[in-house]
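The next block holds one structure in the form of structure tokens; read it before the comments.
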Amino acid sequence: MIETRNLTKRFGDFTAVDGINLAVQQGTIHGFVGPNGAGKTTTMKMLTGAIWCSQGEGYIKGHEIGSTPAKQIIGYSPEHAFFYNDMVASDYLSYMARICGVERSEARKKALDLLNWLDLGGFAESKVGGFSAGMKQRLGLAQALIHEPELLILDEPTANMDPSGRISILDKLRELSHESNVTIFLSSHILSELEQVVDFMTMIDRGRIVVEGNMTELRRRFSGNHFLLKTSQNEKILEVIKEKGLFRESWTDTEDFIHMISDDTTALRKVVVEVVVQTGAELEHFSEERASLQDIYRKTMSMEEEE
Amino acid sequence: MSFRQVLEKFTTTMGKPAIVMEQTLKELMGLRRLVLVIAAGLIPAIFFGAVVWRESFRSGAMSLEMQTHTFVGYFLIFSFIWIAGFYITYMIITSGMDFVSKEEEEGTLLLMVSKPIGRFQFIIGKFLALLITTLLIELVVLFGSILIFWALLGLEPESVRALVGLVFWIFLYSILIVILFDALTIAISTLFKGKVIKTVLTMLLVMLVFGVGPILRMVWPTAYENYHLYYIDPGYHLGNTYVSISEQAISGRMTPQSQAYLGIFTGTYKAGMEELVLAMFTGSSESFDPDIRAMPPSLEQTNYLNPLVSVLLCLVVSAAALGGAKVAIERREVY
Ligand SMILES: Nc1ncnc2c1ncn2[C@@H]1O[C@H](COP(=O)(O)OP(=O)(O)OP(=O)(O)O)[C@@H](O)[C@H]1O
Ligand SMILES: [Mg+2]
């Protein structure tokens, strides 16, 4: 859906985005993370045609970025959205709808439906200038969705929202993805939330991609073969496994979970089951601890620092 | 390409600017703004009707024919300088100067440029909206001024009818000056951001159009002709167009007084200080004796250029300004 090759943006001598090759697959929710100033917003602005790339190329479903057909596919909600403050919300959305090619007769209905869907129904006839930051953010999302785009590019869509607002927005994004097969490319700093919705992730730092991939794979890759075990006879079992030399490191936490970092995960899994059966202990919990997005982020960033 | 495809292409290219145009029209035609703008446009008519021309047109002081003839001349000058002159150019500049730069300043341009509408289509929509609003408001002010003159000066119906007949021709000329200023203002709005620079530029523009020609001709009359400076004098081209349209309108019966004013302002008639002074006095009823036809002689037209050349040059400049705006907006990076 999005494909870039060597996409680069320079501001004078400073390279904000440094030759990134992005691939966002159709139908996925793709997270875009990285520290402040990493180049997320700059990349998104290039993708939406607000600014031009200094080098490289990019395509939206095969259409060159910045072209009208490419923009027809995109719904974009910027980091800081500004609206025509003197217009009332429904007029504003109808105007945007018509600019995107929605018929006049449909535009208004769409605008009202969308405002309702985003819990702004009560403000349809209020001037946009009076909206709070969170309401503006919702309106930003509404204007991005108004022409039912196939691709949403959202720059920190929940940044100004209250906790319940955030959850409801994320639910709505999931709904769009599942029910309407909309591809979503979104940036956020709130990794714990992002984690709940994304299938794919690209992390950038100083304009370069540092990690990318499928979330399931990334979690495994970054989990560091970390297992959790809890039984009715923890100590005995730990001893047996230790004898077999199947983990590098282990500790027991305050809630009586045994943590094990293993290099041979297949063997460990087998042995744990055997040992539990042999000792006749009750198995309460056995799992592979999966790395959270936060873990992935922290590990990658510390590796980057070292370099 | 089939006819249908051509048509669809036409509506898709025309469609988007039309939407921006409609929205901009709504903004420009707000009732309060409209009332204020029109009122401002009518003030000079009230002033001239109630104060300056009051004496000259006291009923009975002039034959009907003379009244019509003289007032048509007055109205032509009044419209050229005020209604289709300073008034509409000021209106275009004040409404259009912020069209693009304000959107950029306020950040609304970012969403606009990420929408599936060509950036130049957006500009054209604004351009058309300003064109239409200005012309409509001008029409109202033209008719409004005539009504005011009628009421205040007690003009005869025949004179009023003659004035109404002029409206079409003045309007025709206005299309040209509105296109020109609309295009230039939009170009300035697209190319420059700072409020100060935009204000200075538009002031320079107005001075260039209305001021430079008269000054040049006054202080340096030979150079104006010898070096063909009229080519680069926008005031001349506009005046040249106006005069030829007016001559059409009143079948060549331009009063020497109007000729003198137009000559001074635009260089279309051979007129200097002497003629201006003369013009100022022949206007009053005392200096005019209809029986002996003691009118000053008609002034000679300068005929530097065919009016069509002037029209064409104005259109070329407008197109160039829009072209500049197109290049600028399409290269612009919007943050
Ligand atoms: N118009 C500009 N001129 C010069 N430098 C710029 C411009 N816009 C962005 N930058 C620089 O480019 C870098 C990337 O900025 P960008 O806004 O893309 O970061 P980001 O990843 O979105 O950060 P954040 O998480 O804070 O939103 C920053 O160092 C910023 O200073
Ligand atoms: Mg950003």
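The values are calculated or read from the model by the stated rules, or taken from the named source; none is laboratory data. Owing to the predicted nature of the structure, the values given are computational and were not obtained by experimental measurement. Here the Cβ positions follow ideal geometry from the backbone for every residue, glycine too, while neighbour counts run over all protein chains shown. In case anyone asks, the SASA skips ligands and DNA or RNA and just uses the protein heavy atoms, side chains included. Shrake-Rupley method; radii C 1.70, N 1.55, O 1.52, S 1.80 Å.
Considering segment A:1-58, the residues that are farther than 24 Å from residue B:328 by Cβ and part of a helix (DSSP H, G or I) include one that is nearest to ligand 1 (Cβ to nearest atom), namely A:40.
Can you tell me which residue within segment A:11-44, out of those that are open to solvent by 20 Å² or more (accessible area, probe 1.4 Å), within 14 Å of chain B (Cβ to nearest Cβ) and away from ligand 2 (no atom under 11 Å from the Cβ), is modelled with the highest pLDDT? This residue is A:11. Scanning segment A:79-95 for residues that are closer than 14 Å to residue A:145 by Cβ and within 7 Å of chain B (Cβ to nearest Cβ) yields a total of 1. Could you go through segment B:180-193 and let me know if any residue there is within 30 Å of residue B:67 (Cα to Cα) and surrounded by fewer than 23 Cβ atoms within 10 Å (Cβ to Cβ). No, every residue in segment B:180-193 fails to be within 30 Å of residue B:67 (Cα to Cα) and surrounded by fewer than 23 Cβ atoms within 10 Å (Cβ to Cβ).
Number of residues in segment B:215-251 that are surrounded by fewer than 18 Cβ atoms within 10 Å (Cβ to Cβ) and either under 18 Å from residue B:205 (Cβ atoms) or touching a Gly at 6+ places or on another chain (Cβ under 7 Å) (or both): the value is 3. Tallying residues that are closer than 19 Å to residue A:20 by Cα and at pLDDT below 90 within segment A:172-209 yields 0. Mind checking which residues of segment A:51-71 are facing chain B (nearest Cβ under 7 Å) and in contact with an Asp or Glu (Cβ under 9 Å, 6 or more places away or on another chain)? Those that are facing chain B (nearest Cβ under 7 Å) and in contact with an Asp or Glu (Cβ under 9 Å, 6 or more places away or on another chain): A:51, A:52. Report whether or not residue A:92 is touching a residue at least 12 places away in the same chain (Cβ under 8 Å), open to solvent by less than 10 Å² (accessible area, probe 1.4 Å) and outside any helix (DSSP H, G or I). No. For segment B:103-148, filtered to residues that are more than 10 Å from chain A (Cβ to nearest Cβ) and of a type in the set (Gly, Ala, Ser), the residue that is nearest to residue A:143 (Cα to Cα) is B:129. Residues in segment A:244-264 that are surrounded by fewer than 18 Cβ atoms within 10 Å (Cβ to Cβ) and among the β-branched types (Val, Ile, Thr): A:252, A:254, A:261. For segment A:145-181, taking the residues that are within 14 Å of chain B (Cβ to nearest Cβ) and among the hydrophobic types (A, V, I, L, M, F, W, C), the one that is farthest from ligand 2 (Cβ to nearest atom) is identified as A:146. For segment B:156-165, the criterion of a residue being more than 14 Å from every other protein chain (Cβ to nearest Cβ), outside any helix (DSSP H, G or I) and open to solvent by 40 Å² or more (accessible area, probe 1.4 Å) is satisfied by at least one position. Suppose the filter is away from ligand 1 (no atom under 16 Å from the Cβ), acidic (Asp, Glu) and either within 19 Å of the chain's Cα centre (by Cα) or modelled with pLDDT under 95 (or both); does residue B:333 pass it? So residue B:333 fails the test.
Here's the yes/no breakdown for (1) open to solvent by 30 Å² or more (accessible area, probe 1.4 Å); (2) farther than 30 Å from residue A:268 by Cβ; (3) in contact (Cβ under 8 Å) with a residue 40 or more places away in the chain; (4) in contact with a Pro (Cβ under 6 Å, 6 or more places away or on another chain):
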{"position": "A:180", "(1), (2), (3), (4)": "yes, yes, no, no"}
{"position": "A:183", "(1), (2), (3), (4)": "no, yes, yes, no"}
{"position": "A:200", "(1), (2), (3), (4)": "yes, no, yes, no"}
{"position": "A:204", "(1), (2), (3), (4)": "no, yes, yes, no"}
{"position": "A:208", "(1), (2), (3), (4)": "yes, yes, yes, no"}
{"position": "A:222", "(1), (2), (3), (4)": "no, no, yes, no"}
{"position": "A:227", "(1), (2), (3), (4)": "no, no, yes, no"}
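Do we find a residue being within 16 Å of ligand 1 (Cβ to nearest atom), away from chain B (no Cβ under 14 Å) and closer than 30 Å to residue A:78 by Cα anywhere in segment A:217-229? Checked against the condition, which is being within 16 Å of ligand 1 (Cβ to nearest atom), away from chain B (no Cβ under 14 Å) and closer than 30 Å to residue A:78 by Cα, segment A:217-229 yields no hits at all.
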